[in-house]
Structures are given as structure tokens and as C-alpha cells.
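Input: a single structure, listed below in C-alpha cells.
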Amino acid sequence: MRTITTVTTVTTALLLIASSLGLGCAFGEFRPEDPFKRKFSLEDQHKDYTDNVRWSKFNEASAFMVEDARRSFLDKMPKFEQVRFTDWEAEPWELEDEDMTKATIFVRYKGYSMSNPFEVEVKETQHWSRDGNGNNWTVESEFIDLDRLVGSS
């Protein structure tokens, strides 16, 4: 009788542990080194910004930019009728400082001109930063080879 009670107790304990682990995963990632989810919020904002660039939604993308850089960004971006970005890929990145206020992300876009069917790679260096205690990130952007894409139209 005692063996059955012990087996039942051990089984119950294992079931409780397994179910609590399952619930932990259901509520998201545990990040003890990033309790305010700075990296998580940057991942979301970086993806939204980069997707907007990829889909040539440059006005929407400019909303993520440092205010002083918005006009320059919009002026140098191609018109939707001229080019299409087909895909993007970002290199792995980490937050750069102890206060988790800066990150640099390198992105490669693929695209083509409407007048030239050959795919061209365009690189972007995204310098992300945030002020204060919030999770609102802004980007300053540098494109390399954008003129190859625009110039081929």
C-alpha cells in the first residue's frame, strides 16, 4: 500500500512540474537579463520598419525614424513604380550598451528595377536608439547600393 502511495505522489508531483513548465512557455519567454523587454520591443519595431521598407511603404517606415532624418530618407527612396524589393534578411544583433539604449542592425534587401529584371542587393545599416525608460525606439538609416537599384531604372 505504501508503494502505491509513493508512486501516486511522485506521479502527481511530476505532472504538476510538467504542467507548470507548459504554462511558463505559454506566457512567453523568460528574460531575466532584460526585464523591461527592451530587446523584444526593438525586435518588433525593427521588423515593422524593415517590412515597411520592403513593401515600399516609405511614409510608414519614416515614422520609425529620428525626426531630423525623415525628409532625407523619403527623398532618397525610390518610387514604387520604379523598383520592387523582393525580400530582406538581417544579421544577428545584440543591444550595444549596458543601459540597453542602442543597437546596430545590418540588413540586406533584394530588389529589382521595373526596367531591368536583374536582382540587386541593397544594404542598410540601421542605428537604433531609445531615450529614457520607454520602449519607443527610433532609427537612423544608411543605405549602400541603393543608387544601383534606382539608377538601373
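The values are calculated or read from the model by the stated rules, or taken from the named source; none is laboratory data. Source: prediction; values computed, not measured. In this analysis, Cβ positions are derived from the backbone assuming ideal geometry, glycine residues included, and neighbour counts consider all displayed protein chains.
Some points to look at:
- The listed residue being among the small types (Gly, Ala, Ser) and at pLDDT 85 or above, out of Ser153, Ser129: Ser129
- Candidates Lys76, Lys102, filtered to the one that is charged (D, E, K, R) and more than 14 Å from the chain's Cα centre (by Cα): Lys76
- Exclusive hit being free of Cβ contacts under 8 Å to residues at least 24 places away in the same chain and either more than 26 Å from Arg71 (Cβ to Cβ) or polar (S, T, N, Q) (or both), set Thr125, Thr104: Thr125
- Screening the candidates Phe118, Phe80, Phe85 for the property of being modelled with pLDDT of 90 or more and assigned by TED's automatic domain parsing to the domain that holds Asn52 yields one hit, Phe85.
- In region 36-68, residue surrounded by the most Cβ atoms within 10 Å (Cβ to Cβ) [restricted to those that are part of a loop (DSSP other than H, G, I, E, B) and at negative phi]: Phe64
- Whenever a residue of region 48-68 is closer than 17 Å to Glu142 by Cβ, its partners that are polar (S, T, N, Q) and assigned to a helix (DSSP H, G or I), lying with C-beta atoms within less than 7 angstrom and at least six residues away or across chains, give the pairs Ala61/Asn52; Phe64/Gln45.
- Scan of region 121-132 for residues that are under 15 Å from His46 (Cβ atoms) and either buried (at least 17 other Cβ atoms within 10 Å of the Cβ) or not assigned by TED's automatic domain parsing to the domain that holds Glu142 (or both), ordered by number: Glu124, Gln126, Trp128, Arg130
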